[in-house]
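Report on the following structure.
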Amino acid sequence: MSRRRLLPILAAVAVTAACGGDSSGPPSPEPYDFELIQAYDSAGFRVDTLPFHWPQGMVPLKIWVENSAGLPGHVSAAIALWRDAFRQGEWNAVLTTDSTVADIIVRRLPIAAPMGRPAIRLAAQGLFCEGVTLIDTVGTRFELRVPVQVRVYDLPAAPDPAACLAQVTAHELGHALGILQHSPFDEDLMYAVPTATAPSDRDLATARHAYHVPPALVPVRP
Ligand SMILES: [Zn+2]
């Protein structure tokens with residue numbers, strides 16, 4: 001494990017002190033690990049754990065959504081679910097009709113479809129839908145290629161395609177905002193095989209935590 005792993009821990013300690021003033025409500029649940037786990041082998045096999053959140057200057061993020069199977073509505077609903085985590089507007093997103101300026105692209109495509117470039121795949125599987133967020137770190141390990149690609153897909157047997165697409169869309173948006181691992185708790189939306197349809201308090205606490213840790217990944221546009 002590299003010494004980078006220490007950085008988020010030290011930063012988290014600092015932030016707990018800095019953010020302590022506004023916690024007048026009930027205590028937040030303990031967040032789970034959200035950092036990107038990235039294997040690399042330039043000097044023998046190693047693993048990095050890299051925190052990420054979008055820089056304030058890019059917020060609200062611009063999301064281009066394929067107009068298929070009600071996806072724009074699902075993405076708008078998912079934005080509203082996650083935005084609730086951020087009391088000070090640290091994260092927000094809007095839909096854009098111009099894919100060339102998008103920070104995130106959401107398409108309805110089989111996740112097995114060719115993707116062009118190698119990327120780390122954060123995949124989720126519901127009973128009737130699948131989703132994946134492709135994290136492309138451009139070979140330097142510390143640059144995140146923008147736009148981030150999200151794919152969601154309803155399986156042919158889905159009895160309620162709208163409900164399952166809404167669920168996996170909300171899950172993948174959690175990845176796209178910076179939760180780059182899965183929750184170990186099966187009641188959370190960010191569990192790898194989720195049954196929840198909305199972020200739990202622990203999912204929201206984890207998203208907030210991600211925005212209070214200095215990021216190790218920087219978004220770059222080719
Ligand atoms: Zn996932």
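Listed values, structure above:
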| quantity | calculated |
| --- | --- |
| Test set (1) surrounded by 19 or more Cβ atoms within 10 Å (Cβ to Cβ); (2) within 13 Å of the ligand (Cβ to nearest atom) - Val193 fails condition number | (1) |
| Residue in segment 145-158 that is at pLDDT 90 or above, basic (Lys, Arg) and surrounded by fewer than 23 Cβ atoms within 10 Å (Cβ to Cβ) present | yes |
| Every residue from segment 179-210 that is farther than 15 Å from Leu81 by Cβ and in a loop (DSSP other than H, G, I, E, B) | Leu180, Gln181, His182, Pro184, Phe185, Asp186, Glu187, Ala192, Val193, Thr195 |
| Residue in segment 200-217 that is more than 16 Å from Gly70 (Cα to Cα) and within 12 Å of the ligand (Cβ to nearest atom) present | yes |
| Scan of segment 165-189 for residues that are near the ligand (Cβ under 9 Å from one of its atoms) and either within 15 Å of Val152 (Cβ to Cβ) or touching a Pro at 6+ places or on another chain (Cβ under 7 Å) (or both), ordered by number | Val168, His171, Glu172, Gly174, His175 |
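The values are calculated or read from the model by the stated rules, or taken from the named source; none is laboratory data. This structure is a prediction, so every number in the text was calculated from the model and none was measured. Cβ coordinates were reconstructed from backbone atoms using ideal geometry, including for glycine residues, and neighbour counts include every protein chain displayed.
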